[in-house]
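Colleague: This is the structure I want to talk about, given as structure tokens.
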């Protein structure tokens with residue numbers, strides 16, 4: 001979710017209400033009433049004033065909160081599941097492919113889950129891939145390093161559309177592919193943990209080439225999944241399909257042309273790497289120029305398949321950063337890497353003043369204005385697509401010594417969502433076609449390589465007491481926001 005963004009900041013250097021899922025797994029972004037679960041302990045605060053609420057948004061605007069399968073499902077070693085590169089599980093196809101066999105227990109699990117959601121008035125948004133490639137495919141041919149993954153992903157997507165598409169009307173092919181590529185294959189801190197030894201502590205990998213190879217295959221997998229959906233299922237199932245990208249908003253540190261170019265280049269590398277091909281059928285010019293022949297090329301047929309391969313664009317936004325020209329006047333031809341190619345200087349303050357309000361997380365500064373600026377940028381540069389904010393949220397450090405009643409008073413989270421929704425409302429009034437807002441996250445969950453050290457949820461999970469749940473003050477605030 002955020003590691004790639006933190007890493008680039010240091011080098012100055014993450015499922016929707018319809019939600020997130022994993023490869024051969026699902027996670028759901030549940031809308032609206034997901035926050036009202038009776039399983040949580042009721043400690044509702046006495047009063048919140050709500051001068052701004054859902055009526056400020058267009059009719060039919062969807063609100064929700066997200067979860068990811070790997071982060072929340074658990075039960076990794078039962079019911080026929082197979083391991084993934086995150087040492088989790090793949091439910092429907094434990095061998096990694098459709099031809100490897102279908103685990104009916106997994107299919108039943110998701111059928112029951114979907115039906116239960118719908119029976120409670122909850123709209124599920126489903127993501128097909130959230131970083132957890134089946135270990136069987138990683139062992140067989142290197143996972144997304146191989147073009148073979150494209151056919152297997154297409155078969156998997158086809159199975160999901162055929163099996164669940166009568167009830168699922170919003171599909172996301174990939175969640176944050178840039179995070180998967182950069183943290184998994186440039187820095188090596190995410191599975192499968194590959195990088196060059198001059199970048200990170202990995203036993204194998206090539207930070208100069210592998211992030212781009214993996215990104216290329218992810219884009220082709222996306223394009224073929226969209227083709228299958230549009231040609232075989234969309235007309236009868238009447239759903240939509242898209243992709244979710246993540247980015248900072250990059251603020252030029254000065255008014256100089258060099259600083260403005262740095263902000264634009266940073267956005268191209270993090271956001272445009274995937275948003276540009278699915279819109280225009282090719283990589284951004286800045287990437288092609290900086291990466292050169294290490295960036296794979298699309299054939300004419302592939303470019304045509306990619307161009308316009310989305311009904312909506314999912315956007316994950318958490319924070320912003322300053323961008324400036326790098327102190328390196330030329331890019332080295334040795335020890336190449338993704339951030340070396342990006343070659344911009346990123347920082348969170350200017351003249352000793354932070355860009356936004358600091359939080360307990362070093363990478364996350366509260367800068368709600370950034371979400372409006374990002375929305376306007378997409379409107380003006382990416383054909384004004386329909387947009388869902390598929391993640392937006394703020395975390396706090398998991399302080400195990402803090403009394404639970406104190407931990408539930410998450411005023412920072414309330415202020416964060418309130419302010420971001422205000423700026424999002426402004427963007428909509430300026431013509432941006434935002435259709436939904438999904439907070440991250442419904443529950444405190446396992447946050448990838450940060451584990452249980454941070455909490456992003458509306459619901460507090462007591463990890464020491466049988467996972468007992470308590471609604472935080474932000475959950476009640478969001479409930480009141482939605483019911484106005």
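The values are calculated or read from the model by the stated rules, or taken from the named source; none is laboratory data. From a predicted model like this one, the values you see are computed outputs, not experimental measurements. Using ideal geometry, Cβ is built from the backbone for each residue, glycine included, and neighbour counts are taken over all protein chains shown.
Colleague: Out of the helices (runs of 4 or more DSSP H) lying entirely within the stretch 225-315, which hold 1 or more residues that are modelled with pLDDT of 95 or more, closer than 20 Å to residue 374 by Cβ and touching a helix residue (DSSP H, G or I) at 6+ places or on another chain (Cβ under 9 Å)?
Modeller: 257-267, 273-280, 285-291
Colleague: Looking at the stretch 429-449, which of its residues are surrounded by fewer than 20 Cβ atoms within 10 Å (Cβ to Cβ), touching a helix residue (DSSP H, G or I) at 6+ places or on another chain (Cβ under 8 Å) and either at pLDDT below 95 or part of a helix (DSSP H, G or I) (or both)?
Modeller: The answer is 446, 449.
Colleague: Which of the residues that make up the stretch 155-184 are outside any loop (DSSP other than H, G, I, E, B) and over 30 Å from residue 266 (Cβ atoms)?
Modeller: Passing the criteria: 155, 156, 157, 158, 159, 160, 161, 162, 163, 164.
Colleague: Could you tell me which of the residues 272, 200 is closer than 16 Å to residue 182 by Cβ and crowded, with 24+ Cβ neighbours inside 10 Å?
Modeller: It is 272.
Colleague: Please give the number of the condition residue 152 fails out of (1) surrounded by 20 or more Cβ atoms within 10 Å (Cβ to Cβ); (2) at pLDDT below 95.
Modeller: (2)
Colleague: Between a residue in the stretch 118-135 that is at positive phi and assigned to a helix (DSSP H, G or I) and any residue that is surrounded by fewer than 19 Cβ atoms within 10 Å (Cβ to Cβ) and at pLDDT 95 or above, which pairs come within a Cβ distance under 9 Å, given they are 6 or more apart or on different chains?
Modeller: Within 9 Å, no pair qualifies.
Colleague: When residues of the stretch 171-194 are filtered for being farther than 21 Å from residue 247 by Cβ and crowded, with 21+ Cβ neighbours inside 10 Å, how many remain? Walk me through how you get there before you give the answer.
Modeller: Taking the stretch 171-194 first, the residues farther than 21 Å from residue 247 by Cβ are 171, 188, 191-194.
Cutting the leftovers down to crowded, with 21+ Cβ neighbours inside 10 Å gives us 171, 188, 191-192, 194.
Final tally of qualifying residues: 5.
Colleague: Scan the stretch 196-221 for residues that are over 20 Å from residue 287 (Cα atoms) and not in a loop (DSSP other than H, G, I, E, B) and report the count.
Modeller: Within the stretch 196-221, residues that are over 20 Å from residue 287 (Cα atoms) and not in a loop (DSSP other than H, G, I, E, B) number 1.
Colleague: Scan the stretch 451-479 residue by residue and report those that are assigned to a helix (DSSP H, G or I) and either closer than 12 Å to residue 417 by Cβ or touching a helix residue (DSSP H, G or I) at 6+ places or on another chain (Cβ under 6 Å) (or both).
Modeller: 473, 474, 475, 477, 478, 479, listed by residue number.
Colleague: Let me ask something else. Residue 93: in a loop (DSSP other than H, G, I, E, B), closer than 21 Å to residue 159 by Cα and modelled with pLDDT of 85 or more, yes or no?
Modeller: Answer is no for this residue.
Colleague: Let me ask something else. On the given criteria, is residue 163 surrounded by fewer than 24 Cβ atoms within 10 Å (Cβ to Cβ) and either in contact with a strand residue (DSSP E or B) (Cβ under 6 Å, 6 or more places away or on another chain) or at pLDDT 95 or above (or both)?
Modeller: Yes; evaluated as a whole, the condition is true for this residue.
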